[in-house]
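See below for the structure under consideration.
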Amino acid sequence: AGADYIELDVQHTRDREIIVVHDGDLMRMGGDPRKVAALDAAEVATIDIGRKYDDDFSGEYPPTVEEVIDLVRGRTKINIELKYNVPDPGLAPAVVELLHRKDFLDQVVITSLDYAALRQVKAIEPRLSTGHIVTAAVGDVLRTEADFLSLNSARATPSLVRKAHTAGKQVHVWTVNAPEAMLRMIERGVDNIITDDPALLARVMRERNALS
C-alpha cells in the first residue's frame with residue numbers, strides 16, 4: 001500500500017478547458033451556484049475557493065489539469081477521476097490528448113464510476129492504467145476490464161482482496177483517515193490507500209515496517 005498519487009476530479013468548462021473540481025457547481029467551495037459546465041475557464045478562475053477555509057488560502061481557484069501537471073511533474077503522480085456531473089463523451093479523449101501533449105502518460109492512472117468512459121480511455125490509449133470505482137455491488141465487480149478496482153474501504157474484505165489479486169486486479173481503497181483502518185487495509189494486502197492525510201499514512205507504514 002502506498003500514497004504516491006494525488007487523487008483529483010476533472011471535468012470540462014463551457015469552453016472545453018479541463019479543470020480540477022469535484023462538484024457540478026461551485027456553491028460548496030466558492031459560494032457560487034453556477035454550474036461548472038456553464039462557465040468558461042476564465043470565469044472559474046475568478047471564483048475564490050480558499051477564503052471559506054482560511055484567509056491564508058484566499059485567492060485560490062480551481063486549477064486546470066495542465067497547471068497541476070506542471071506543478072507536480074517529477075514530484076508525484078496523479079490519479080485522475082473522470083467526473084460526469086453532466087454527460088460529456090468528449091472528456092475521456094480530451095484527457096488522453098492532454099496527457100499525450102504533456103508527455104505524462106506514465107505518471108497517471110485514470111479512474112471513474114463510468115465504466116464506458118474507462119473502456120473509451122483504453123481504446124484510445126491502451127498504455128494508460130484504469131481503475132473502476134465501484135460504490136455498489138453491481139454484478140461481479142471482478143469481471144471489469146479495468147486494471148484495478150477502487151473501492152470504499154468497507155467493501156475491501158479479505159476475501160474480495162484475495163479474489164481480486166487472483167483475477168490479476170489491484171485493489172485501491174478510499175477514503176482511509178484513521179490509523180487503525182490504515183493498518184487493517186495494509187494487513188489485507190490492498191495495493192493503494194487513498195487518504196486525506198498522507199503524512200499519517202506514511203508514519204503508520206514506517207512504524208509498521210519498523211515493528212516487522
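Some notes on this structure:
- In the stretch 171-212, residue nearest to Thr144 (Cα to Cα) [restricted to those that are open to solvent by 80 Å² or more (accessible area, probe 1.4 Å) and in a loop (DSSP other than H, G, I, E, B)]: Asp196
- Complete set of residues in the stretch 148-161 that are touching a residue at least 24 places away in the same chain (Cβ under 8 Å) and of a type outside the set (Ser, Thr, Tyr): Phe148, Ala156, Pro158, Val161
- Among the numbered conditions (1) under 20 Å from Leu149 (Cα atoms); (2) touching a strand residue (DSSP E or B) at 6+ places or on another chain (Cβ under 7 Å); (3) not in a helix (DSSP H, G or I), the only one that Arg34 does not meet is (1).
- Candidate set from the stretch 163-183 (those that are without any contact (Cβ under 8 Å) to a residue 12 or more places away in the chain and not polar (S, T, N, Q)); member that is nearest to Ala117 (Cα to Cα): Gly168
- Looking only at residues of the stretch 60-84 that are of a type in the set (D, E, K, R) and not in a helix (DSSP H, G or I), we find that the one that is surrounded by the fewest Cβ atoms within 10 Å (Cβ to Cβ) is Arg75.
- Note on the stretch 120-170: among residues that are at pLDDT below 95, within 20 Å of the chain's Cα centre (by Cα) and among the basic types (Lys, Arg), the one that is most open to solvent (accessible area, probe 1.4 Å) is Arg155.
- Filter result (outside any strand (DSSP E or B) and of a type in the set (Ser, Thr, Tyr)) within the stretch 127-158: Thr135, Thr144, Ser153, Thr157
- Contact map, the stretch 80-94: residues that are touching a residue at least 12 places away in the same chain (Cβ under 8 Å) paired with residues that are open to solvent by less than 30 Å² (accessible area, probe 1.4 Å) and among the charged types (D, E, K, R), Cβ distance under 7 Å, separation 6+ or inter-chain. Pairs shown: Glu81/Asp9; Lys83/Asp9.
- Residues being over 19 Å from Gly24 (Cβ atoms), open to solvent by less than 30 Å² (accessible area, probe 1.4 Å) and either free of Cβ contacts under 8 Å to residues at least 12 places away in the same chain or touching a Phe, Trp or Tyr at 6+ places or on another chain (Cβ under 9 Å) (or both) - total across the stretch 95-119: 3
The values are calculated or read from the model by the stated rules, or taken from the named source; none is laboratory data. Quantities reported herein were computed from a predicted structural model and do not represent experimental measurements. All Cβ positions, even for glycine, are placed from backbone atoms using ideal geometry, and neighbour counts span all protein chains on display. All accessible areas refer to the heavy atoms of the entire protein, side chains included, with ligands and DNA or RNA removed. Shrake-Rupley method; radii C 1.70, N 1.55, O 1.52, S 1.80 Å.
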